[in-house]
1. Name the single residue that is surrounded by the most Cβ atoms within 10 Å (Cβ to Cβ) among those in the stretch 195-212 being closer than 12 Å to residue 93 by Cβ and of a type in the set (Val, Ile, Thr).
2. Can you tell me which residues in the stretch 60-76 are basic (Lys, Arg) and either within 20 Å of residue 34 (Cβ to Cβ) or at pLDDT below 75 (or both)?
3. Take the residues of the stretch 45-59 that are among the hydrophobic types (A, V, I, L, M, F, W, C) and modelled with pLDDT under 75: which is nearest to residue 233 (Cα to Cα)?
4. Condition first: outside any helix (DSSP H, G or I) and under 22 Å from residue 100 (Cα atoms). Can you find one or more residues in the stretch 199-220 that meet it?
5. Can residue 95 be described as of a type in the set (Gly, Ala, Ser), under 30 Å from residue 240 (Cα atoms), in contact (Cβ under 8 Å) with a residue 40 or more places away in the chain and surrounded by 15 or more Cβ atoms within 10 Å (Cβ to Cβ)?
6. Give the residue, chosen from 223, 285, 245, that is farther than 30 Å from residue 130 by Cβ and either modelled with pLDDT under 75 or surrounded by fewer than 19 Cβ atoms within 10 Å (Cβ to Cβ) (or both).
7. Do we find that residue 220 is among the hydroxyl-bearing types (Ser, Thr, Tyr) and more than 24 Å from residue 269 (Cα to Cα) in this structure?
8. For the stretch 251-268, enumerate the residues that are surrounded by 13 or more Cβ atoms within 10 Å (Cβ to Cβ) and either among the acidic types (Asp, Glu) or without any contact (Cβ under 8 Å) to a residue 24 or more places away in the chain (or both).
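The values are calculated or read from the model by the stated rules, or taken from the named source; none is laboratory data. It should be emphasised that the depicted structure is a prediction, and the values quoted were computed from it without experimental measurement. Here the Cβ positions follow ideal geometry from the backbone for every residue, glycine too, while neighbour counts run over all protein chains shown.
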Amino acid sequence: MQARESGRRGLSHYLLAGFFGLFVAFLYGPMSAIFVLSFQGPTGGLTFPMRGVSLRWFHALFSQERTGDFAGSFTRSLLLAALVLSLTVVISVLAGLAFRRRFPGSSFLFYLAVASLIMPGILVGLGIGVTFQFLDIPTAWYSSGLGAQLTWTLPFGLLIMFAVLSRFNRAYEEAGRDLGATNWQVFWLIVVPILAPGIIGVALFGFTLSYDEFARSLLTAGAQNTLPMEIWGMTTNVTSPALFALGTVTTLVSFAAIILSLGSIALIERRRTRRGSVAAGTSPAPGH
C-alpha cells in the first residue's frame, strides 16, 4: 500500500514538473529568438539566418533614428514607473493601516477601489482622457497617465497590504509604547520593518504593472509615448532588429527588478534573524 501511494506521489510529481517545464518553455521559448536576433548584424533583418553579430541595434535604441524614439520612451516609462511605485507604496501602506479600524463607509471604499480591477483598462483610459478634455487640461504621461495607471496598481497594493496586516500582531506596537516609544517611533522602528517584505511586494507590483501598461496609457499619455506604446507603434510600421534589442533590454530590466526585490527581502530576513539571535543571547548560525 505504501509503495503504491509512493508511486502515485512520484507520478504526480513528474506530471507537475513536466507541466511547469512546458510553461517555462512556452513563456521563454519565443523570447530566446528575440534575444538572439537582437544581436543581428548591421545588414541583417528580422528573421534567420543572421547576417553577422553586432551590438549595432542596441546602440540604435539610444539614438534618434527613423526606427523610433526608444531612449525617450524608455526614460519616460522608467520615470512613470518610479512615480507609480512610490505613490502605490505610500497610499497602500497608509490605507492598510487606516482600514485596520472599521469606520463608516470602509466597506464601500474598499469595493470601490477594487472595482477598477474588473473594468476594462481601455474604458478607464477613455474616461480619464474625456474628463481631461472636458476640463481643457492637456493629457500627459506624468498627469493623466499617472492617474490612469494608479487605478491599476493601487488595488493590487491594497490587497497585498490587507493580507499582510491581517497577520500582523499588534502586541508589538503595544510593547513599543509600553517602553516609551512615540507613535512615530512605533511606526518607523517596529511596524515598517515587520511590513517590509509586503511593502517590497507592493513596490514590485507597482513598478512592473506600470512599466508594461498599455491600455490605460493609450488615451492618457498625451503626445509623448511610453515604452509599450512605442513598441506598439513599431509593430504597425516598418520595423528593424532594434525592436528585438528593445525586447531584450526591457526583459533584463524586469528581471533586474525581480532580483532586486528578492535580494532586499532576503537581506531584511537575514537582519531580522541576526537581531533575533542577539536578543535571545545566542550567536547566529554560520551563513546567517
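1. Once the filter is applied, the top-ranked residue is 202.
2. Answer for the stretch 60-76, where residues must be basic (Lys, Arg) and either within 20 Å of residue 34 (Cβ to Cβ) or at pLDDT below 75 (or both): just 66.
3. 46
4. No: zero hits.
5. No.
6. 285
7. yes
8. 260
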